[in-house]
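Before any comments, here is the structure.
The values are calculated or read from the model by the stated rules, or taken from the named source; none is laboratory data. Here the structure is a predicted model, which means the values were calculated and not measured. Here the Cβ positions follow ideal geometry from the backbone for every residue, glycine too, while neighbour counts run over all protein chains shown.
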């Protein structure tokens, strides 16, 4: 009788024990066929020059001015996606309209040399011929083809670097997770966060990028985050399901994100092009860039909101501290006079990103 009673007690306690275990949920990218989502990415980065050193033939240049520099870059990208058809967790046919593709860059420098001060401001803005256009993505044999709608007149070169995935689905766990559980995110997903949609063929127009600012980083390079982060990535990128929220009847998964990433990128081809464009053909000066290494460090945290009811992103915010270093060496031939130049530059600042979806 005693053993029978204990067995009954154990059976009665089993549901209580099971209910005490954390519930495991699947958070996935699964919008229904025909779903339309408009996503807006806004990002701002503020950078300050911390140190700059220029060596000529291994020695400091006594004519090197002291320079203070601040730069602010901002980006806004809005796309309207219609998932015409889905299969196996990815779109098989997608229609995307590029509603807004805008960037701008502002800078202030103060240069002092031999007791004389010079202040300079720059203002740059950029957009893309993609703005207002619609692109059709079709999945076949594991790859996406890109095409304009029938009757559209647009440059096919604009399609070349576009990427289908702007959904940030790569930040989701690969299986079921419980509240409080963490997972690793692939480091290269950071490119999709910082530069969504691939190469959007942004064209920059600058006003005032001469003088002291010309000694700093090139505006096109600073605005091309995907190129800056295209090198070797190391560090950590994690997500954690912290709970759920209900907003307007939708169940939103709240995912905490943390990252500490270091990227080393060889920018030698970019710097060579920059040098060639900046030197007049009749200047009598040739430059041979031998190294141009850029390091980019980001450390931050944020929150990803995922619409678990509809199967797509609901929003995201994050803030990060940023440090950038640039080391360049080159040989200069000025009218037969040979010189070796080394330039080391360090900048630091902060980046903020906001994504909204509706």
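At a glance:
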read-out	value
Sole residue being part of a helix (DSSP H, G or I), modelled with pLDDT of 95 or more and surrounded by fewer than 21 Cβ atoms within 10 Å (Cβ to Cβ), chosen from 192, 157	157
The stretch 49-67: number of residues that are part of a strand (DSSP E or B), in contact with a strand residue (DSSP E or B) (Cβ under 9 Å, 6 or more places away or on another chain) and either surrounded by 14 or more Cβ atoms within 10 Å (Cβ to Cβ) or without any contact (Cβ under 8 Å) to a residue 40 or more places away in the chain (or both)	8
Failed criterion for residue 186 (all others in (1) closer than 18 Å to residue 258 by Cα; (2) buried (at least 17 other Cβ atoms within 10 Å of the Cβ); (3) under 24 Å from the mean Cα position of the chain (by Cα) hold)	(2)
Residue that is modelled with the lowest pLDDT [pool: residues in the stretch 211-237 that are surrounded by fewer than 16 Cβ atoms within 10 Å (Cβ to Cβ) and more than 25 Å from residue 111 (Cβ to Cβ)]	232
Scan of the stretch 167-198 for residues that are touching a residue at least 40 places away in the same chain (Cβ under 8 Å) and in contact with a helix residue (DSSP H, G or I) (Cβ under 7 Å, 6 or more places away or on another chain), ordered by number	168, 171, 185, 186, 189, 194
Residues satisfying the stated conditions in the stretch 246-261, i.e. assigned to a strand (DSSP E or B) and more than 27 Å from the chain's Cα centre (by Cα)	246, 247, 250, 251
Qualifying residue in the stretch 25-35 (condition: closer than 26 Å to residue 144 by Cα, part of a strand (DSSP E or B), touching a strand residue (DSSP E or B) at 6+ places or on another chain (Cβ under 7 Å) and at pLDDT 95 or above)	yes
Residue within the stretch 97-118 that is in a strand (DSSP E or B) and without any contact (Cβ under 8 Å) to a residue 12 or more places away in the chain present	yes
Selection count where residues are touching a strand residue (DSSP E or B) at 6+ places or on another chain (Cβ under 6 Å) and over 15 Å from residue 162 (Cβ atoms), scope the stretch 100-146	22
Residue match in the stretch 94-103 (condition: at pLDDT below 90 and within 20 Å of the chain's Cα centre (by Cα))	no
Residues satisfying the stated conditions in the stretch 306-319, i.e. surrounded by 18 or more Cβ atoms within 10 Å (Cβ to Cβ) and either free of Cβ contacts under 8 Å to residues at least 24 places away in the same chain or more than 18 Å from the chain's Cα centre (by Cα) (or both)	306, 307, 308, 311, 312, 314
